[in-house]
Every structure is written in structure tokens, then in C-alpha cells.
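Here is the structure we will look at.
The values are calculated or read from the model by the stated rules, or taken from the named source; none is laboratory data. None of the values given here were measured: they were computed from a predicted structure. Here Cβ is always computed from backbone atoms with ideal geometry, including for glycine, and neighbour counts include all displayed protein chains. Accessible surface is based on the protein model in full, side chains and every heavy atom, while ligands, DNA and RNA are left aside. Shrake-Rupley method; radii C 1.70, N 1.55, O 1.52, S 1.80 Å.
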Amino acid sequence: MASKERFAPILASLATGALAAILLLTPSGAGGQQIPDQVSADALRVCADPANMPYSNTAGEGFENKIAEIVADELKLPVRYYFMPQGPGFVRNTLGLRLCDVVIGYAAGADPVLHTNPYYQSVYVMLVKAGGPLDGVERMSDPRLKGRRMGVMAATPPADHLLEYGLLPTARTYSLLVDRRFESPAEQMVDDLAKGEIDAALLWGPTAGLFAARAGAPLKVVPLLQEGPRPPMTYRITMGLRQTDHQWKQVLNRVIAKRADDIEKVLLAYHVPLLDDEDQLVAGSSPAKTAAQPEGSRRP
């Protein structure tokens, strides 16, 4: 899912209880956060996609890379990655094999992981050209969308809404499950919009924000906050753990609470549209009112 498609992981097994005690008592230890025996005490082992911007890549440029660094800083541990393209079997072959200890981005409630508390909430968005014929459209039921070429990721919630409003026959569908080392459908969709090959692009907000800011034409990001509830267009994002790692969950919940401001700064720097508990845009996260910046001016 553009929305449910964000993952990344954290740590492995402790050699002895004595080593754990030493780590916690020394400056290089976990800053007072007791690392449970089920996970590594010598590194924050994160499993991530090697080429899935704006979330993660091997160069550490994604916002989930930056959030992993915040968590590691709080735990006083280095970050160590296990990279694997996301897709079927990702959790089974990473967390399940204990090659990592956390997935940095996972939609709350989704199987098959144990979830931390949510650390952000976002929404699907519609991208349109600033000043274009669809500038001012705020919902998918707007009659101005009839007959328009709408870009949408296959099997994501906006596709269901397109079907409901009779907009699917003229839509252009982009593949969701691809190896992003070789393809980037979201970037292609934004590029097609900038070139005029489609009239609007429907994407998960965290995916859309940075690409819109780098687009070759000024785009507006319209959060789809006025759609029906089925399927939902807003999702809370957690960190995913093994189902048995309850103590580790509590450690990460404390880190998330303590470093919430730092995490929010990263998300806003990557143009992620953030929602508060009332499903309202967070201050400083109002992309619908601002044309995107030209390519090369990214803030992170």
C-alpha cells in the first residue's frame, strides 16, 4: 500500500545477561532503556527496502532512515541494516528469521506484526497542477473529475473510490508491487502528471509529498479528508515487531513518546501530510495550500 507499504527493522540476540548489564551501565549502553533479551544489545538492527524512497535506501536518505537514527540515538546504539526489497514474505524473511528487530513503518492493525504505539497519522492525497483546471478540487466526488485521466496505484484505497464514482474507466493504473531498485511507479506517476499525460495523481501522502516537491511543474497536494470511510483514506503508522516481543514494544513506545518532536520534524521536512487525533492537518503540514518547490530544493 502506498499507505501500508512502509516497513523497516531493528536488533538481534543478547549474548549474556552480564553483557546486558554492562551495556546499560556504560555511556555506550542504551541510555537507561533496558534492552530485552530477545533483541540485540549491540546495534539497532533495522530491516529496510534498499531502494524505496522517500522511505529508505542504502544511502540512508529516506525519512524512515532518519527516524531509525533518532531511535538509535535514544538507545545509544549504532544502526545496522538488513536490506531486502519489500513485497510478499518481507516480514517472514526479516523479522521472522531474526535478521532484524523492528520494521520502522507499518500500518496500525495490519498483520502479521506486533505494533508499537502509532508515531504518525497520514492520508491519501490527490496531486493536481497548480493553476490547472482541477486546482480547487477537494474530493473525489467533484463533477470536474468526470472523464479525467486519474493516476492510481493498483489495489490501494483510492481505486475503490474511483470505482464508486465511475472514474475507473478513464484512470491509469500503476503497479504497486515492484522491485523499486528497478522501477518507481510513484515517481513515474508524478512525472506523468507534470508532463500532462494524466490530469491528477492519487497517492499515499508520505509517498507523494517529496516527489511532488521535486516535480518538474508546480503541483498542489490535496489531502483527501472528505471521502467515505470504506475503505479508509487515513492510517496510523507504527513500528512493527515480532508478535512475542512485548518488552521490546514497551522500550520503543517510550522512545517514540520521548522523541516525538524530533520524529515530527523529520516527517515535515519530507513533506509528509500529518494529521492530529481529530484528523486535522498538523500545523506546518498544510500542503494543499502551497505549490510544490522545484526539483533540487528538497529540505531534508
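Here are the numbers:
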| item | result |
| --- | --- |
| Whichever residue in the range 233-258 is among the β-branched types (Val, Ile, Thr) and over 20 Å from residue 277 (Cα atoms) and, among such residues, is most open to solvent (accessible area, probe 1.4 Å) | 244 |
| Elements of type strands (runs of 3 or more DSSP E) in the range 121-232, at least 1 residues being open to solvent by 10 Å² or more (accessible area, probe 1.4 Å) and free of Cβ contacts under 8 Å to residues at least 24 places away in the same chain | 172-174 |
| Scope the range 93-114; condition more than 15 Å from residue 233 (Cα to Cα) and open to solvent by 30 Å² or more (accessible area, probe 1.4 Å); matching residues | 93, 96, 97, 98, 99, 111, 112 |
| Subset of the range 269-300 [more than 18 Å from residue 225 (Cβ to Cβ) and at pLDDT 50 or above] | 269, 270 |
| Flag for residue 66 being within 18 Å of the chain's Cα centre (by Cα), basic (Lys, Arg) and either at pLDDT below 95 or open to solvent by 20 Å² or more (accessible area, probe 1.4 Å) (or both) | yes |
| Tally of residues being open to solvent by 10 Å² or more (accessible area, probe 1.4 Å) and either acidic (Asp, Glu) or within 15 Å of residue 271 (Cα to Cα) (or both) across the range 52-63 | 2 |
| Residue in the range 260-268 that is in contact (Cβ under 8 Å) with a residue 60 or more places away in the chain, surrounded by 16 or more Cβ atoms within 10 Å (Cβ to Cβ), out of contact with any His (no Cβ under 6 Å at 6 or more places or on another chain) and assigned to a loop (DSSP other than H, G, I, E, B) present | no |
| Residue count for the range 147-194, restricted to those that are more than 22 Å from residue 88 (Cβ to Cβ), within 18 Å of the chain's Cα centre (by Cα) and among the small types (Gly, Ala, Ser) | 0 |
| Selected residue (only one of 91, 102, 125 is under 18 Å from the mean Cα position of the chain (by Cα) and under 20 Å from residue 153 (Cβ atoms)) | 125 |
| Check on residue 37, part of a helix (DSSP H, G or I) and open to solvent by 60 Å² or more (accessible area, probe 1.4 Å) | no |
